[in-house]
């Protein structure tokens, strides 16, 4: 593989995992701590999580293609390949599975905020599922960074 392709491989891992950690563990908590409106903070955080989901989908696609071109079928024996695939599946489940449910619950709660409605418990449950998926993906991301050259 070319040096450029190898560099993009490293950048893709850095962008995906670094972006995920920055948004999830620095930016989102700061939004909730500093903005007076929890609904606004939640909406802004949700948009950032959507962006990093798309970044992750793109990075995962590149990483998998790179691994196949550089290792061939042996890529399937690589822990990096499986980490990327599992992280991608978690991203897809969160973005296309859990997030639409949260958005629908917010719509059903209108004109009230979802946390001030009868849907609060359902929203909290699905938000908790989303948080666990994000944490799992974050831990796998650290493993990916540590194993990226294997």
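Table: residues versus (1) touching a helix residue (DSSP H, G or I) at 6+ places or on another chain (Cβ under 7 Å); (2) in contact (Cβ under 8 Å) with a residue 12 or more places away in the chain; (3) under 20 Å from residue 141 (Cα atoms).
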| site | (1), (2), (3) |
| --- | --- |
| 70 | no, yes, no |
| 78 | yes, yes, yes |
| 89 | no, no, yes |
| 102 | yes, yes, no |
| 106 | yes, yes, no |
| 118 | no, no, no |
Taking the range 113-150 and the residues there that are surrounded by fewer than 14 Cβ atoms within 10 Å (Cβ to Cβ) and not in a helix (DSSP H, G or I), the one that is modelled with the lowest pLDDT would be 150
Of all residues making up the range 28-56, the number that are in contact with a helix residue (DSSP H, G or I) (Cβ under 6 Å, 6 or more places away or on another chain) and assigned to a helix (DSSP H, G or I): 11
Specify which of the listed residues (47, 20) is crowded, with 16+ Cβ neighbours inside 10 Å, closer than 30 Å to residue 102 by Cα and either within 14 Å of the chain's Cα centre (by Cα) or at pLDDT below 95 (or both). 20
Would you say residue 93 is in a helix (DSSP H, G or I) and in contact with a helix residue (DSSP H, G or I) (Cβ under 7 Å, 6 or more places away or on another chain)? yes
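The values are calculated or read from the model by the stated rules, or taken from the named source; none is laboratory data. Please read all numbers here as calculations on a predicted model, not as lab measurements. Because the Cβ atoms are built from the backbone with ideal geometry, glycine has one as well, and the counts that use them run over all protein chains shown.
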